[in-house]
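A short reminder: the numbers here are calculations on the coordinates, not readings from a lab. Quick caveat: nothing in here was measured; it's all calculated off a predicted structure. Note: ideal-geometry Cβ built from the backbone for every residue, glycine included; neighbour counts use all protein chains shown.
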Amino acid sequence: MPSKTDTPLLLDTHCLVWFVEGIEGMFSARSRESIRAATRGTGLCVSVMSFWEVALLVTKGRLRLSLPIDDWIALTLERLAPLVLDVTLPIALESTRLPNLAHADPIDRMLLATARVSDLILLTKDRVMLDYGCKGYVRTVDA
């Protein structure tokens, strides 16, 4: 598991929500410490697409947060101070070219592409993404 001096972590959207909402029981003890270490260093990354996905889920009523979405995002940025990664042209293109991936979820494809292009470790509980990492296409860690 990475430390603050190792490769930065990219949080999958569900991991971001769990951590900010204090649902830390969803993580292994090692993953919790890795996230904390990353927040103390410069190694915690969140894709702008994760914030978009959270806002969309809240708008659709599929996710309830402890705060209104704008306040939740402000708190997240203040508390975690992550490096927020934009979707760049190379990331967008990579998301369409992911080798041997049948995953249809466009946000997951963007996160996988972000991890590949930016050389990050993706922290997730998503079995499809973890399996993709096991095949050597991207570095993933089971949260």
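Brief remarks follow.
- The value of relative contact order for segment 1-82, using C-alpha pairs under 8 Å at least six residues apart, is 37 percent.
- Most fluctuating residue given options M26, M49, M110, as computed from a GNM of the chain linking Cα atoms under 10 Å: M26
- Using the alpha carbons alone, the radius of gyration of segment 9-142 stands to its Kirkwood radius in an Rg to Rh ratio of 0.94.
- Computed E for R127/A55 - FRET, C-beta separation, R0 22 angstrom, nearest 0.05: 0.30
- Most mobile listed residue (T13, T96, T124) in the chain, GNM with C-alpha springs under 10 Å: T96
- Across the options V128, P82, L56, the greatest Cα extent toward the positive end of the charge dipole of the chain (unit charges at beta carbon of Lys, Arg, Asp, Glu) belongs to V128.
- Computed lengthening from R79 to T96, 0.36 nm per intervening residue step minus Cα-Cα distance: 2.8 nm
- Taking the chain and dividing mean pair separation by its residue count, relative contact order in percent (alpha carbons under 8 Å, at least six apart): 29
- Sorting 79-85, 67-73 by average packing, meaning the other beta carbons within 10 Å per residue, from highest down gives 79-85, 67-73.
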